[in-house]
Amino acid sequence: MGKSIFEKIVSAHKISGECKVGQELAIKIDQTLTQDSLGAMAYLQFEAMNKDRIETELSVSYTDHLMLQLGQGNGDVHRYLETVADKFGVVYSKAGNGICHQVHLERFSKPGKTLIGSDSHTVTCGAVGMLALGVGGLDVALAMAGVPFYIKYPKIMRIVLEGRMKPWVTAKDVALEVLKNVTTKGNVGTVLEYCGNGLEFLTIPERATITNMGAETGVTTSIFPSDEMTKKFLESQGRLEDWVAISSDDDTVYDIELVINLDELEPNVAVPHSPDLVLKVKDIKDLKVNQVLIGSCTNSSYLDMMRAAAVLKGKKIKPDISFGVSAGSRQVMSMLADSGALSWFIDSGARVLESGCGFCVGQGQAPEMGAVSVRTNNRNYKGRSGTQDDQVYLVSPETAAATAIMGVLTDPRTLQMEYPKIDIPEKMKLDDSMLIFPTYTKNIFRSPIIGEPPVNTLMPKKITGQVAIKLGDMINTDDIIPGGSAMTYRANIKKSCEFIFQFVDSRFPKKCEDIVEQGKYPIIVAGESYGQGSSREHAALCPMVMGVKYILAKSIERIHQTNLINFGILPLLFQNPEDYGDIEYDDIIVMKDSEVSVRMDVVQIENITKNKIYNVKNSATERQREIILLGGLLNSINK
Ligand code: MIC
Ligand code: SF4
């Protein structure tokens, strides 16, 4: 039987395990990336491993999330990251060089290699046939230390892209179509592999928009073949030598298949508050818009920005719209300036923002109360913009530009202009002077905001827990620990704990303190798809510090599940929906002999308050169960 692209790359990197669905495999990691919000904790954890140098082929530390520098906090983190990178052999990408995923794609992505990154959108590099995964910071630290990465062999879904998109229909519309079909729920343990005759016309930045938003479906990763288009892209980046061809074998049998006819697609929009609530733009009439933002790692390539600029050229936006644009990298920004397109934006009435994450994660550009904000980024979770009652719609750069001009959500096909024909230059502008390569000479900078990596204790024998919060379905990691100003403190766990469930139930931190004071352990109870979205390990790390030993949920998303285990928290799944319905805030729940329970596939817990026994499922692998008993991965490695 033929092999998929995923299987080919995994087989070439396999250290142990079998390529069989559900089996745990250990693979070698070639490259890692970190960004500044989660990176500091990853490097603190790496420091705790007492290694002299990193052992990967390449590790890059990006500065793109914490760019506001209001007060010294962000600057402290940047300097720590720069100096710790120098000491251990990591390449440091300075603030202003661009968003990690865009820069990594341009300058470092390599077909056939493995990449893990402490950011869920690391999957973007799947666009060039790379096996790229979003993981927690501790996993990155371990990979840098040369420890293999463990992955459960997934089901593989083949997505066949047929035909060619019509003018004004874009890769973002494809990404949203995939989300409409695949949704944000129930995709744990699946990989999306793309093929079909539509790939002939799909450039790498367009493929990157599609792999990027695969993160929102909750799949392990998305991957395209490495073909002539990939070769052209790498050549344009002056890296032809990095190209190898990769494709699946013709007789590969896939677990699931989805066909998308590109020529039937129309401009799509994800409506508040989930990226899978997808409608056609033309079906939403007279939606008055307050803010339009173009950028983020989903849609900020040269192609995206040039097309949007061409739509705006010679036109003015509606005066009451707040309009911002942010190129994904310094390369893109500089080429926009050279081509004159930057002034098309400026003249239209745009605010030109720095190349960074910015508005995508509430770092600036929070709109006014109740605003309708039309954006090109990938997540529209409630409040992520920095405004709690926001209404965020996700669209393509072309739809966003048309909307800025018209003041209402606008299908760009109604603009009555020719679709701008933009070609990607054969040679992109190459200037890596904002990448700092290691000299191994700098002293590590420290300040009070740079804390210590927290350590956990062994799993206690008897766990008398009390329900400290009861949540519904689809609680994402932004709900658990918000972006925005809270991100400044990611290198300091004690401070980060103050923000846990800030906008969901602000009683939580105090409640945990009270429960712990009484000698008990706080329990989190959740519904479906708990922990979807970002890879932020603080969503597990802080609950660990706050005394949480296990979590009860209907289902848990992949990255978050691994983060919980990495920090010694046992993820337990309800087998019976009634048990979830039964449990209430403050209920006392007891797990008797954790040493036995943690090793069982089905764990028995007793709700003392309701006088009921629940049998819940333990989805951790045998290896992970030992990690949990030791109080997490750092303890287990040190042992
Ligand atoms: C995001 O898009 O939510 C982030 C901010 O990039 C996160 C990482 C983080 O929380 O720092 C992600 O996607 O993993
Ligand atoms: Fe940055 Fe947004 Fe991309 Fe996350 S999704 S890496 S915050 S641009």
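Coordinate-derived values only; no laboratory data. Given the structure is predicted, the values throughout are model-derived calculations rather than measurements. We place every Cβ from the backbone using ideal geometry, glycine too, and count neighbours over all the protein chains shown.
Spatially, the stretch 294-309 and the stretch 212-237 are offset by 16 Å when compared through their Cα centroids.
For each pair in LYS185/LYS318; LYS152/LYS180; LYS14/LYS232, compute the distance between the two Cα atoms and list the pairs where it is over 27 Å. Mind dumping the intermediate values first?
Working: LYS185/LYS318 37 Å; LYS152/LYS180 25 Å; LYS14/LYS232 29 Å.
Too far apart for the 27 Å limit: LYS185/LYS318; LYS14/LYS232.
Close amide H partners of VAL292, meaning residues 5 or more places away or on another chain with modelled amide H under 5 Å apart, are SER322, PHE323, GLY324, VAL374. Using only side-chain charges placed at the Cβ, +1 for Lys and Arg and -1 for Asp and Glu, the dipole size of the stretch 460-568 relative to its Cα centre rounds to 380 debye. Largest first and in whole Å, the equivalent-ellipsoid semi-axes of the stretch 266-390 read 23, 16, 14, each the square root of five times a Cα gyration tensor eigenvalue.
Comparing Cα centroids, the stretch 620-639 and the stretch 103-132 end up 28 angstrom apart. Across every pair of different alpha-carbon atoms, what Kirkwood hydrodynamic radius in Å does the stretch 469-569 reach? Computed over the stretch 469-569, the radius equals 13.3 Å.
If you model the stretch 167-297 as an ellipsoid using its alpha carbon gyration tensor, with each semi-axis the square root of five times an eigenvalue, the axes come out at 27, 19, 14 Å, biggest first.
Straight-line reach from LYS87: taking Cα to Cα under 17 Å and skipping same-chain neighbours fewer than 8 places apart, the lysines in range are LYS51, LYS442. Computed over neighbours whose Cβ is under 15 Å from that of LYS166, the net charge equals -3, Lys and Arg +1, Asp and Glu -1.
Provide the packing ranking of 285-296, 259-270, i.e. peptides ordered by the mean count of other C-beta atoms within 10 Å per residue, highest first. Mind showing how you got there, number by number?
On the way: 285-296: 21.2, 259-270: 18.6.
Ranked by mean Cβ neighbours within 10 Å, highest first: 285-296, 259-270.
Order these peptides, 19-27, 522-530, 162-170, 395-403, by their mean beta-carbon neighbour count within 10 angstrom, highest first. Intermediate values should be presented prior to the final figure.
Working: 19-27: 14.6, 522-530: 23.8, 162-170: 18.2, 395-403: 29.4.
Output ranking for 19-27, 522-530, 162-170, 395-403: 395-403, 522-530, 162-170, 19-27.
From the Kirkwood radius over Cα pairs of the chain, Stokes-Einstein at 10 °C and 1.306 mPa s returns a whole-number translational diffusion coefficient of 64 µm²/s. Based on the reciprocal of the average 1/r between different C-alpha atoms, the Kirkwood radius for the stretch 318-450 equals 17.5 Å. Ranking ILE493, VAL219, LEU202 by how far each Cα lies toward the positive end of the dipole of the chain (charges on Cβ) leaves ILE493 at the top. A simple packing score, the average count of other Cβ atoms within 10 Å per residue, orders the peptides 554-562, 314-322 as 554-562, 314-322, with the highest score first. Which of the three applies to the stretch 391-537, rounded, prolate or oblate, going by the alpha-carbon gyration tensor with a ≥ b ≥ c and a/c under 1.5 meaning rounded? Here the stretch 391-537 falls in the oblate category. Counted over the chain, the DSSP beta bridges are approximately 35% antiparallel.
Could you let me know the centre-to-centre spacing of the stretch 537-577 and the stretch 1-66, using Cα atoms, in angstrom? Between the Cα centres of the stretch 537-577 and the stretch 1-66 lies a distance of 21 Å.
In this structure, the residue pairs whose Cα-Cα separation is over 30 Å, taken from LYS20/LYS113; LYS172/LYS315; LYS110/LYS315; LYS494/LYS520; LYS172/LYS495, are LYS110/LYS315; LYS172/LYS495.
Whole-Hz Karplus values for the stretch 462-476 come out as 10, 10, 8, x, 9, 5, 9, 7, 10, 10, x, 7, 6, 6, 9 Hz, taken residue by residue from phi with 6.51 cos²θ - 1.76 cosθ + 1.60 and θ = phi - 60°; glycine and proline positions read x. Taking every alpha-carbon pair under 8 Å whose residues sit at least 6 apart, the chain reaches a relative contact order of 14 percent.
In a simple Cβ point-charge model (Lys, Arg +1; Asp, Glu -1; nothing else charged), the chain has a dipole of about 840 debye relative to its Cα centre.
Using square roots of five times the C-alpha gyration tensor eigenvalues, list the equivalent-ellipsoid semi-axes of the stretch 502-639 in whole Å, biggest first. The partial results should precede the final answer.
Numbers: eigenvalues 85, 67, 50 Å².
The three semi-axes for the stretch 502-639 are 21, 18, 16 Å.
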